[in-house]
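In what follows, a single structure is set out as structure tokens and then discussed.
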Amino acid sequence: MMDYRIEKDSLGDVHVPKDALWGAQTQRAVENFPVSGLPMPTEFIRAVVRIKQAAADANTSLGLMETRLRDGISEAGDRILDGEFDDQFPVDRYQTGSGTSTNMNVNEVISALANQSGLEVHPNDHVNMSQSSNDVIPTAIHVSAVAGVQERLLPALTHLCGMIYEREGVLNEQVKTGRTHLMDAMPVTLGQELRTWREQLLATEKRLDAAANDLLAVPQGGTAVGTGVNAPEEFTEQFVKSLKDKTGYAFRSMDHKFVGQSAIDAPVNLSAQLRGLAVVLTKIANDLRWMNSGPIHGLAEISLPALQPGSSIMPGKVNPVIPESVAMATAQVMGLDSTNAIAGQSGNFQLNVMLPLVGANLLDMIELLGNSMTNLADRAIRGFTVNSDTLDAAVGKNPVLVTALNPEIGYALASDIAKEAYKTGRAVIDVAEERSGLSRSQLEDLMDPLKLTRGGG
């Protein structure tokens, strides 16, 4: 039997593991929610800790808390932020919809750590002073998501864009067959294809940055329902000042705090932008898989780095494992966004009751996308080689090049030339020389694949 101690709360006695820093309310949550075995992400817990430290600063500045108690809370929080006690936050993410269990878990652990130095810090009266779970947890969603986007996601996106830019610069003269409907179309350069990916990512970056900026408005100070009861009027100003100092981000107080507690529109918007990034990455991953297909009976335009054997039975087979990994991660992100959209509908009157789910999902999405982009940049795009001979041969045989002759010989004759080239397998320029009435030199100029990638009439 595990050694335990007896803790009391308003419902009675609770058996708590003897060495646990948490108390009765956390233990009840551990017992009540044996759902997934997945606790709240570490970065979410750290966001709650920063909120506790900022609240203690605000309460002390307003004369509500003794400096020594504030210092005890702050020092305990710093130890948690340093990673000493990551195992002391066991509450399952599928818990009470307000996140009260996680809020109390943090309150109890900070209290226990502070009291080790001889203080008498109460988890509710001191650590939770001027707060409610109903404003702490929504604020923690904002704080953790902003940090995740700015410190993890956008740097990975920048790294991926930089890698693509590096490769596109040396591939701007490499002509290949364009494809629409997966069918041969007019030529493009490989550099143009890569730039398309980069432009998509850069546009997504702007949308993500805007969504993260919306999260800088926090509802802390709204307490239980948004009215601010039990929080002094000056609390929010002092709180956001401290929070800005601790995080380096320009957090501000939400004007109408009801919005941030009864609804989670800004987090849901960030989720949608994360889904948009997942869509872009899926397109890139699928393009890479098609371009790499073969090597004999596929497009074989590029060769991705060979990272591991691709089959337990077929010797020599190598698969596009990184794009496949990315595609699975992005599929999961899209699913989590759908969950967040459903969760966003669960704002009943003055409180959304799926807060822990959305907080955890956003951080999972950021982690999946950040890791996938780094992997895609370093293990796929950085090292793929171009099969130039394959690309050049395919472009030269592409009957669609006859499109360039439309202004000179008309669509009908150009169509007949293309059909004959398709049917006979001959180079389209040879058929055009016989039937168009144009000289070889004229045809070579009009049908120059590289010139065609630069547009014009």
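The values are calculated or read from the model by the stated rules, or taken from the named source; none is laboratory data. Because the structure is predicted, anything quoted here is derived from the model rather than measured. Cβ sites come from the backbone with ideal geometry, for glycine too, and all protein chains shown count toward neighbours.
Against the test of being without any contact (Cβ under 8 Å) to a residue 60 or more places away in the chain and on the phi < 0 side of the Ramachandran plot, the options LEU38, LEU62, LEU69, LEU21 yield a single qualifying residue, LEU69. The criterion of at least 2 residues that are of a type in the set (Ser, Thr, Tyr) and farther than 18 Å from ILE137 by Cα is met, among helices (runs of 4 or more DSSP H) falling completely within the stretch 319-412, by 321-344, 355-376, 388-396. Does GLY37 satisfy being assigned to a loop (DSSP other than H, G, I, E, B) and modelled with pLDDT of 95 or more? It is true that GLY37 is assigned to a loop (DSSP other than H, G, I, E, B) and modelled with pLDDT of 95 or more. Of all residues in the stretch 208-251, those satisfying the criterion of being under 23 Å from the mean Cα position of the chain (by Cα) and not small (Gly, Ala, Ser) are LEU208, ASP209, ASN213, ASP214, LEU215, LEU216, VAL218, THR247, TYR249, PHE251. When restricted to residues that are part of a helix (DSSP H, G or I) and under 51 Å from the mean Cα position of the chain (by Cα), the stretch 433-447 contains 4.
Applying the condition of being over 22 Å from the mean Cα position of the chain (by Cα) and crowded, with 22+ Cβ neighbours inside 10 Å to the stretch 274-301 and asking which residue is nearest to VAL395 (Cα to Cα) yields GLU301. Applying the condition of being under 15 Å from ASN115 (Cβ atoms) and not aliphatic (A, V, I, L, M) to the stretch 20-35 and asking which residue is surrounded by the fewest Cβ atoms within 10 Å (Cβ to Cβ) yields GLY23. Only one of the numbered conditions (1) β-branched (Val, Ile, Thr); (2) under 30 Å from the mean Cα position of the chain (by Cα); (3) not in a helix (DSSP H, G or I) is not met by THR204, and that is (3).
Of all residues in the stretch 306-343, those satisfying the criterion of being surrounded by fewer than 17 Cβ atoms within 10 Å (Cβ to Cβ) and among the charged types (D, E, K, R) are LYS317, GLU324.
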